[in-house]
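The values are calculated or read from the model by the stated rules, or taken from the named source; none is laboratory data. This is a predicted model, so every value here is computed, not measured. Using ideal geometry, Cβ is built from the backbone for each residue, glycine included, and neighbour counts are taken over all protein chains shown. SASA here: full protein model, heavy atoms, side chains in, ligands and nucleic acids out. Shrake-Rupley method; radii C 1.70, N 1.55, O 1.52, S 1.80 Å.
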Amino acid sequence: MTRPGPRVNPAAASIAGNLAGAVDLSALKERATRQAAARNSPPPAAQNSETPGAVADPSLVFDVTEESFEADVIQKSFQVLVVVNLGAQWSEPCQQLTSNLERLAQEGQGKWVLAKVDVEQQPRVAQAFGAESIPTVIALAQGQPVHAFSGAQDDAKLREWLGELHKAVGSKLPGIQVQGAEQPQEVPADPRFVEAENALEQGDFAAAEVAYQRILDAEPRNSEAKAGLNHSRFLLRVRSLNPNALEIADSAPHDVAAQLEAADVEVVSQRPERAFARLTAVVRDSAGDDRSLARERLLSLLEMFDPTDPMVLQARRNLAAALY
């Protein structure tokens, strides 16, 4: 099972939309990804409890249209893990999967929500995700897809998948209130991180870098601050990326600066494996300062991802082999 992907800050998504070849959700999420993560989206319209098959809590399971996508999926994903279910009424596997997901969403009591999309009624939403078959399920957190799968899954596999997702990203989201469900006590936000995150949301990546560095100066082992620092530096770089960076790098394989910029483009374009391979090749084929620069850049990118992700573990093994 593929694990969730990079923890790229929502501000990176709007930058990605300006890069050629970037994989994003286009205009459907362009505005939402620039809004504050703490803002709650308005609840979807309540379903009639007398309607056959209606769910107990419409805040946990709801239908999505192109018009409601921004509020009900993108904005809501800053608050809680959103599982988008792409299917069709005529497909029996889709209906079975939907039924299982609806039941599990109710059991989850607000740990995640299910957003249902009828691909025949909302084809542009399906196209935005690049879905090639149904059923397809995509999990989003903080405006970014973190994992997806296609095809029917049994109850045990769904529970395992949802459990891994919640451990990876769900605990970092504020969550939603569900009537009758026991709610954990709210932990006061660390003002140092609030300062840094506010700077990121406002697009002041230099100030965010300073704020995260201040935390690291006091707590050198603070992994969240280190990840934040790497994100800040990454965002400073990518907002001025050349959309033709990949073509330039491919035509000049020995230009280290071009390779570094191309790797950033590949990360923003949701192709991190290519970025890791590109930088590993530079480490392997260069020496001195060029080698050190490529190694440091690769390590900084790897630290933006889940350290247990098999992709990251393999990249670290490849880097070790290139060095020794």
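Worth pointing out:
- Test: residue in the range 124-138 that is under 20 Å from Lys172 (Cα atoms), touching a Gly at 6+ places or on another chain (Cβ under 6 Å) and modelled with pLDDT of 85 or more: no
- Selection of first residues in the range 207-231 that are closer than 14 Å to Glu195 by Cβ and free of Cβ contacts under 8 Å to residues at least 12 places away in the same chain and of second residues that are open to solvent by 50 Å² or more (accessible area, probe 1.4 Å) and in a loop (DSSP other than H, G, I, E, B), restricted to Cβ pairs under 7 Å at least 6 apart or on distinct chains, gives an empty result.
- Glu209 vs. criteria open to solvent by less than 70 Å² (accessible area, probe 1.4 Å), modelled with pLDDT under 95, assigned to a helix (DSSP H, G or I) and within 23 Å of Asn318 (Cβ to Cβ): no
- Residue identified as in contact with a strand residue (DSSP E or B) (Cβ under 6 Å, 6 or more places away or on another chain) and closer than 30 Å to Arg271 by Cβ among Lys76, Lys167: Lys76
- Subset tally (residues that are free of Cβ contacts under 8 Å to residues at least 24 places away in the same chain and among the small types (Gly, Ala, Ser)) for the range 254-276: 3
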